[in-house]
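Colleague: Mind looking over this structure? Questions follow.
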Amino acid sequence: MKIQFLGAARTVTGSCYVIEALGHRFAVDCGMHQGNKAIEERNHEVKPYRPTDLDFIFVTHAHIDHSGLLPLMAKYGFDKPVFCTPATCELLRLMLLDSAHIQEMEAENELKKYKRRGLGEPPAPIYTIEDAAKVDPLFKPVDYHQPVSPIPGLKATFYNAGHILGSGSLLLEITEDGRKTTLLFSGDIGRPQSLIVREPETPPAADYIFLESTYGDRDHKNEATSVHELAEAIEYSYSRKEKIIIPAFAVERTQEILCCLHHIDHEGLLPHDLPIYVDSPLAIRASEIFSRYRDLFDEETRALLGSGDDIFALPNLHYTLSADESKAINSTSGSAIVISASGMCNAGRIKHHLRHNLWRPGASIVFVGYQAVGTIGRKLVEQAQKITLFGEEVNVAARIFTINGFSGHAGQSQLLDWLKPLAKHDAHVVLVHGEAKAQDTLAGEIQARFGLTPERPDYLEEITLVGSTIAGTVLHQAEAYPRVNWTFLADEVERKWSMFRTQLKDIEHKPWVDQKELEDQLGKMEYSLTRLLARL
């Protein structure tokens, strides 16, 4: 049996694990890579996936970093079953079309930029709405605890992961050559104190446990304080008549924020004249799906609903579907709460809200979820002084709040608690879906507490399993991390600078107006070099 890690290996996004067993090739998750330009270029690299050679795909939950490349697979010939829970199926029907719409809109905007600059054709969208529509008929809903056998010798069972509506951990039982091997993919594990969905359950033990490690190096702050931290952010900007911008994933996080605002309102801490905008058509439609799956809510939330209390109803709550309604928000005066996607600020309407508010002293940007390396959100959390949005550099004067108590991911202690009943002496723990620092810290804790030494595979790495033994690994470092030719780049800069220096006397004889234009261009280059040096 062989497993290759096509994403979420020493990183958080792009979850995809391709398994070869029983004469078949299939995947667990097929997520989009999110981050800086280099990371997102992986979304265009179809070759490692070999879509036509995939016999089926399991999806642990609907977030785009676990599902967002399904339309790309369909674009290049994948037409086999996609197994996931019923709620995940419904959410994916919305989310993949929304993702495709974003791809098309961003490609259209790039085309306009290229034409204005007289350049050639810009990069095509990763996939289109037509590609996303091809995935819809492939969904095969599977209930929790209901085993499914896509091929002889394989039994797959989903268990509630407590991360978002319909999220699952996946247990694979593979019987090959008379030997049974079990693999458990945790998916994203939620917090026991989540506001809406039921807490994660413990699946059966397995020979191999593929454990997410997003927050492997730290615990969240006390979740009980999150309501008051959000109330503080609201008061900060409300008193200054500025906006509170909340980047939030459309599925689960937006609904949790609304639930939290509901509690703040009950405590009398939400100003009754404060408009609240849910500026995400996807979040609006996702909330409708939530209302149909109330049986997946925790007891406290079901009790509130049973008493007639609508956790998604608030004074002055407005849902904005159209682009014109979204634009109108930023033309209104005074304070308002704006909840908009994407949660990491890399796409969607949130970028427009940041452009209008980041530079305003008194505004608040409230982060309520994980921010991957290279994303705009991560740069803001790490206190960047300036951010580039739509080709324009924007000063950061707004106050940045980070409220990790809303995270949909278990913290370090909660990950260890989830693992404890599964950590038998001969189990193999494989850490995925985490940055190197988080994985290294968590690996040390697992070694100290359970006596197990976790594997930490890298991007594109392949491991071969023989029963309960890892028989070999193959790295693909050259393909995974193409070498940057710094010498060539530095030599080119020096060569061109030398050419400039030789022409200085000629420049001094140009008309003054021309000299000033050249001075501006050189000033921009000097500023770029200053910023580059500051990052080293």
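The values are calculated or read from the model by the stated rules, or taken from the named source; none is laboratory data. Computed from a predicted structure; not experimentally measured. Note that we place each Cβ from the backbone using ideal geometry, even for glycine, and neighbour counts take in every protein chain shown.
Colleague: Before we move on, is T214 of a type outside the set (A, V, I, L, M, F, W, C), over 25 Å from T320 (Cβ atoms) and touching a His at 6+ places or on another chain (Cβ under 9 Å)? Before you say what the answer is, go through the steps one by one.
Modeller: On the way: of a type outside the set (A, V, I, L, M, F, W, C): yes; over 25 Å from T320 (Cβ atoms): yes; touching a His at 6+ places or on another chain (Cβ under 9 Å): yes.
Against the criterion (of a type outside the set (A, V, I, L, M, F, W, C), over 25 Å from T320 (Cβ atoms) and touching a His at 6+ places or on another chain (Cβ under 9 Å)), T214 qualifies.
Colleague: Quick one: which helices (runs of 4 or more DSSP H) sit completely within the stretch 485-536 and have at least 3 residues that are closer than 29 Å to E392 by Cα?
Modeller: 486-502, 512-535
Yes/no per residue for (1) out of contact with any strand residue (DSSP E or B) (no Cβ under 6 Å at 6 or more places or on another chain); (2) outside the structural domain of Q34 (by TED's automatic domain parsing); (3) of a type in the set (S, T, Y):
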{"position": "T301", "(1), (2), (3)": "yes, yes, yes"}
{"position": "D324", "(1), (2), (3)": "yes, yes, no"}
{"position": "G334", "(1), (2), (3)": "yes, yes, no"}
{"position": "I339", "(1), (2), (3)": "no, yes, no"}
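Colleague: Would you confirm, using the coordinates I've provided, whether H24 is touching an Asp or Glu at 6+ places or on another chain (Cβ under 6 Å) and in contact (Cβ under 8 Å) with a residue 12 or more places away in the chain? Steps first, answer last, please.
Modeller: Values: touching an Asp or Glu at 6+ places or on another chain (Cβ under 6 Å): yes; in contact (Cβ under 8 Å) with a residue 12 or more places away in the chain: yes.
In short, yes.
Colleague: Any residue at all in the stretch 67-76 that's out of contact with any Phe, Trp or Tyr (no Cβ under 8 Å at 6 or more places or on another chain), crowded, with 16+ Cβ neighbours inside 10 Å, closer than 27 Å to E212 by Cα and not hydrophobic (A, V, I, L, M, F, W, C)?
Modeller: Checked against the condition, which is being out of contact with any Phe, Trp or Tyr (no Cβ under 8 Å at 6 or more places or on another chain), crowded, with 16+ Cβ neighbours inside 10 Å, closer than 27 Å to E212 by Cα and not hydrophobic (A, V, I, L, M, F, W, C), the stretch 67-76 yields at least one hit.
Colleague: Let me ask something else about it. Residues of the stretch 43-81 being among the basic types (K, R) and without any contact (Cβ under 8 Å) to a residue 40 or more places away in the chain, which ones? Quick ask: steps written out before the conclusion?
Modeller: If we filter the stretch 43-81 for residues that are among the basic types (K, R), which is where we start, we get 47, 50, 75, 80.
Residues satisfying the conditions are K47, R50.
Colleague: Here's another thing I want to ask about it. Of all residues in the stretch 331-374, count the ones that are assigned to a loop (DSSP other than H, G, I, E, B) and of a type in the set (A, V, I, L, M, F, W, C). Before the answer, list the steps.
Modeller: So the first thing to find is which residues in the stretch 331-374 are assigned to a loop (DSSP other than H, G, I, E, B), and the list is 331-336, 341-349, 358-363, 368-374.
This time we only want the ones that are of a type in the set (A, V, I, L, M, F, W, C), so: 336, 341, 344-345, 347, 358-359, 363, 368, 372-373.
Within the stretch 331-374, residues that are assigned to a loop (DSSP other than H, G, I, E, B) and of a type in the set (A, V, I, L, M, F, W, C) number 11.
Colleague: Could you please find all residues in the stretch 372-401 being in contact with a strand residue (DSSP E or B) (Cβ under 7 Å, 6 or more places away or on another chain) and among the small types (G, A, S)?
Modeller: Residues satisfying the conditions are G377, A398.
Colleague: Report, ordered by the first and then the second residue, all pairs with beta carbons closer than 6 Å, sequence separation of six or more or different chains, a first member in the stretch 280-294 that is closer than 26 Å to A328 by Cβ and not assigned by TED's automatic domain parsing to the domain that holds L96, and a second member that is surrounded by fewer than 19 Cβ atoms within 10 Å (Cβ to Cβ) and modelled with pLDDT of 85 or more.
Modeller: P281/L321; I284/Y319
Colleague: Can you spot a residue in the stretch 150-158 that is on the phi > 0 side of the Ramachandran plot, modelled with pLDDT of 95 or more and not assigned by TED's automatic domain parsing to the domain that holds A341? Give the derivation first.
Modeller: Kept after step one, since they are on the phi > 0 side of the Ramachandran plot, are these residues of the stretch 150-158: 153.
Right, trim to modelled with pLDDT of 95 or more and you get 153.
Retained after the next criterion (residues that are not assigned by TED's automatic domain parsing to the domain that holds A341): 153.
Yes, some residue in the stretch 150-158 is on the phi > 0 side of the Ramachandran plot, modelled with pLDDT of 95 or more and not assigned by TED's automatic domain parsing to the domain that holds A341.
Colleague: Restricting the stretch 106-122 to residues that are surrounded by 15 or more Cβ atoms within 10 Å (Cβ to Cβ) and of a type in the set (D, E), which is farthest from the chain's Cα centre (by Cα)?
Modeller: Residue satisfying both the conditions and the ranking: E110.
Colleague: It is to be established whether one or more residues within the stretch 448-465 are in contact with a helix residue (DSSP H, G or I) (Cβ under 7 Å, 6 or more places away or on another chain), in the same structural domain as S413 (by TED's automatic domain parsing), among the aliphatic types (A, V, I, L, M) and within 30 Å of W418 (Cα to Cα).
Modeller: Within the stretch 448-465, the first condition is being in contact with a helix residue (DSSP H, G or I) (Cβ under 7 Å, 6 or more places away or on another chain), and the residues that meet it are 449, 452-454, 456, 458-460.
Adding the requirement that they be in the same structural domain as S413 (by TED's automatic domain parsing) leaves 449, 452-454, 456, 458-460.
Right, trim to among the aliphatic types (A, V, I, L, M) and you get 452, 460.
From what's left, within 30 Å of W418 (Cα to Cα): 452, 460.
Yes: the stretch 448-465 contains one or more residues that are in contact with a helix residue (DSSP H, G or I) (Cβ under 7 Å, 6 or more places away or on another chain), in the same structural domain as S413 (by TED's automatic domain parsing), among the aliphatic types (A, V, I, L, M) and within 30 Å of W418 (Cα to Cα).
Colleague: Is there any pair linking a residue in the stretch 311-327 that is in contact (Cβ under 8 Å) with a residue 12 or more places away in the chain and within 20 Å of R355 (Cα to Cα) to one that is in a loop (DSSP other than H, G, I, E, B) and not β-branched (V, I, T), with Cβ under 6 Å and at least six apart or on different chains, and which?
Modeller: S326/R349
Colleague: Ok, one more. Starting from residues that are of a type in the set (V, I, T), at pLDDT 95 or above and not in a loop (DSSP other than H, G, I, E, B), keep the ones in the stretch 159-208 and report whichever is surrounded by the fewest Cβ atoms within 10 Å (Cβ to Cβ).
Modeller: Going through the stretch 159-208, the residues of a type in the set (V, I, T) turn out to be 164, 174-175, 181-182, 189, 196-197, 202.
Narrowing the set further to residues that are at pLDDT 95 or above leaves 174-175, 181-182, 189.
Remaining after also requiring not in a loop (DSSP other than H, G, I, E, B): 174-175, 181-182.
Values: I174: 20, T175: 15, T181: 19, T182: 19.
That would be T175.
Colleague: Would you mind telling me which numbered condition in (1) of a type in the set (A, V, I, L, M, F, W, C); (2) closer than 26 Å to D417 by Cα; (3) in contact with a His (Cβ under 9 Å, 6 or more places away or on another chain) I245 fails?
Modeller: Of (1) of a type in the set (A, V, I, L, M, F, W, C); (2) closer than 26 Å to D417 by Cα; (3) in contact with a His (Cβ under 9 Å, 6 or more places away or on another chain), only one is false for I245: (2).
Colleague: Now for a separate question. Kindly establish whether L6 is surrounded by 18 or more Cβ atoms within 10 Å (Cβ to Cβ), closer than 18 Å to V432 by Cα and either without any contact (Cβ under 8 Å) to a residue 24 or more places away in the chain or in contact with a Cys (Cβ under 9 Å, 6 or more places away or on another chain) (or both). Before the answer, list the steps.
Modeller: Details: surrounded by 18 or more Cβ atoms within 10 Å (Cβ to Cβ): yes; closer than 18 Å to V432 by Cα: yes; either without any contact (Cβ under 8 Å) to a residue 24 or more places away in the chain or in contact with a Cys (Cβ under 9 Å, 6 or more places away or on another chain) (or both): yes.
Here the answer is yes, as L6 does meet what is asked.
Colleague: Turning to a different aspect of this structure: Which one of these is surrounded by fewer than 22 Cβ atoms within 10 Å (Cβ to Cβ) and not acidic (D, E): G362, G377? Explain how you work it out, then say what you get.
Modeller: Details: G377 fails: surrounded by fewer than 22 Cβ atoms within 10 Å (Cβ to Cβ).
Of the residues listed, the single one that is surrounded by fewer than 22 Cβ atoms within 10 Å (Cβ to Cβ) and not acidic (D, E) is G362.
Colleague: Could you check the stretch 123-149 and list, in sequence order, the residues that are surrounded by fewer than 17 Cβ atoms within 10 Å (Cβ to Cβ), under 23 Å from M32 (Cβ atoms) and either among the small types (G, A, S) or not assigned by TED's automatic domain parsing to the domain that holds D79 (or both)?
Modeller: A124, A133
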